[in-house]
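Encoded as structure tokens, the structure appears first; notes follow it.
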Amino acid sequence: MSLVAIVGRPNVGKSTLFNRLVGMRQAIVDDVAGVTRDRHYGRCDWCGREFSVVDTGGYTTNSDDVFESAIRSQVQIAIDEADLILFMVEAATGITDYDADIADILRRTRKPVVLCVNKVDSGEKMFDTYQFYSLGLGEIYSISAANGSGTGDLLDAVVAALPEDEPQEDAYAGLPRYTIVGKPNVGKSSMTNALLGQERNIVTPVAGTTRDSIESHYNKFGHEFMLVDTAGIRRKAKVHEDLEFYSVMRSIRAIEHSDVCILMIDATQGMEAQDMNIFNLIAKNRKGCVIVVNKWDLFEKDSNTMKEYIEGLKARIAPFNDIPIIFTSVLNMQRIQDVLNAANEVYANYSQKIPTARLNETLLPIIEETPPPAWKGKYVKIKYVTQLPTKFPSFAFFCNLPQYIKDPYKRFLENQLRKNFNLKGCPVQIFCRQK
């Protein structure tokens, strides 16, 4: 499938156009320059032609900002990856030095370039667009990304300039989704880059560098899945910017759409209240979970440290404590592969379907030996058990008096399921139904 990269200086409306092309508010938009930092991918369909679109951070030069050099490299990577570059400028401001620098880079590429002038939302502003012919990039297309005017002609030009590709189904449909979550600055983007083996996401010492949820396709060593890096989720009281509010909401949505969540915590800080909030959010959404204790190299250790740390963690997350716990140092590339192996194991457990015959053969003798307590002189008899066709492991126990099976016995049934079947890292839900 062809790839179109939207490039331009900061605050010309690239993310607004990106959201319009993909048909949803997928990239965060704000009046502040430099909101978009990472490459952001989406799909666009125009006149029966489907192509991918990548939104990039604003390109700047000669800046001391820690993000700007990283954004420049992200833009260059996007240009290298793309089949067509959509170069965006702004009518009111005219040609800036940044615009001239980007045009100079694009004239040297062998790839087709479509020049669009944004924020042309009245007839008078059309006169401001003609100066952009001097950039030497051919025809210009006047649009207003905010209200959509002119985008039809722009898309016609994009589709006409794209190289032909063979129609194919969505290659990523049905792939497992692993989402890396945690507080700000625990190493989520570094972990993503380490797993992918490339600088996919911008990493700086500044907490809150990642603002969007960034999806990447992983296909190495016989494993294939979608890896999602999210913005750090901090307590509501500490969220002061609108941008961060949107980032946190995007991270929560990423958890909702994932199969397995990789919860990263800082070894030096331990499992704090906010880590517990994120963990409870994962459990509430019934997602598989792997806990990664990062920055383990900074923690003072003796012979029993890891064992004691695991016991402390399990006590914090009880009763759902049957979860893989991996100790890593992303900076030193220690045990990165273990994280991947644990996530794959949890996904296999999460998506397994246990045969009904096997469930009954294993559990019914245990239930007969330890039946549910009698309630007001009435005896509860469980006759049959089966797995329900839900995305996460859930089981229905059919009995004569389901209303008399209380939570303590449901926990007993869950423990027996975990003991006899590999459900490590997975939430389990028990339903009692009338036989």
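The values are calculated or read from the model by the stated rules, or taken from the named source; none is laboratory data. This is a predicted model, so every value here is computed, not measured. Glycine also receives a Cβ, built like all others from the backbone with ideal geometry; neighbour counts cover every protein chain displayed. Just the protein is used for accessible areas: all its heavy atoms, side chains included, with ligands, DNA and RNA removed. Shrake-Rupley method; radii C 1.70, N 1.55, O 1.52, S 1.80 Å.
Remark on Tyr141: its backbone amide H falls under 5 Å from those of Leu115, Cys116, Val117, a criterion applied only to residues 5 or more positions apart or on other chains, H modelled at 1.01 Å from N. Over the C-alpha atoms of segment 89-189, the Rg to Rh ratio, Rh being the Kirkwood estimate, stands at 1.12.
Cross-link pairs exceeding 19 Å between alpha carbons, from the set Lys376/Lys419; Lys284/Lys424; Lys307/Lys410; Lys353/Lys406; Lys391/Lys424; Lys14/Lys183: Lys376/Lys419; Lys307/Lys410; Lys353/Lys406; Lys14/Lys183. Each 5 Å bin from 0 upward holds the following percent of the Cα-Cα pairs of segment 285-363: 3, 12, 18, 19, 19, 12, 8, 4, 3, 1. In order along segment 403-417, the Karplus-derived 3J(HN,Hα) couplings, from 6.51 cos²θ - 1.76 cosθ + 1.60 at θ = phi - 60°, round to 5, 9, 8, 9, 4, x, 6, 4, 5, 4, 5, 4, 4, 5, 4 Hz, and Gly and Pro are given as x. Peptides 283-296, 333-346, 379-392 ranked from most to least packed by the mean count of surrounding Cβ atoms within 10 Å: 283-296, 333-346, 379-392.
When Rg and the Kirkwood radius Rh are both evaluated on Cα atoms of segment 258-305, their ratio Rg/Rh stands at 1.06. Counting Cα-Cα pairs of segment 348-435 in 10 Å increments starting at 0 gives whole-percent bin shares of 17, 55, 24, 4, 0. Remark on Ser149: its backbone amide H falls under 5 Å from those of Ser144, a criterion applied only to residues 5 or more positions apart or on other chains, H modelled at 1.01 Å from N.
Converting phi to 3J(HN,Hα) with the Karplus coefficients 6.51, -1.76 and 1.60 and the offset θ = phi - 60°, segment 84-93 yields 8, 10, 9, 8, 10, 10, 10, 5, 5, 7 Hz in sequence order, with x at every glycine or proline.
Count Lys and Arg as plus one, Asp and Glu as minus one, and take only other residues whose Cβ is under 12 Å from that of Gln269; the net charge is then -1. Here the Karplus relation 6.51 cos²θ - 1.76 cosθ + 1.60, evaluated at θ = phi - 60°, turns the backbone of segment 4-19 into coupling constants of 10, 9, 8, 10, x, 6, x, 6, 9, x, 4, 5, 5, 5, 4, 4 Hz, with x for every Gly and Pro.
Packing-wise, with mean Cβ within 10 Å as the measure, how do 186-194, 125-133, 138-146 rank, highest first?
On the way: 186-194: 23.8, 125-133: 14.8, 138-146: 18.9.
Highest-to-lowest ranking by the protection proxy: 186-194, 138-146, 125-133.
At the residue level, Arg418 shows approximately 40 square angstrom of accessible surface with a 1.4 angstrom probe and all protein chains present. Just to check, using Stokes-Einstein with a Kirkwood Rh over alpha carbon pairs, what's the diffusion coefficient of segment 251-384 at 20 °C and 1.002 mPa s in µm²/s? It comes out at roughly 122 µm²/s.
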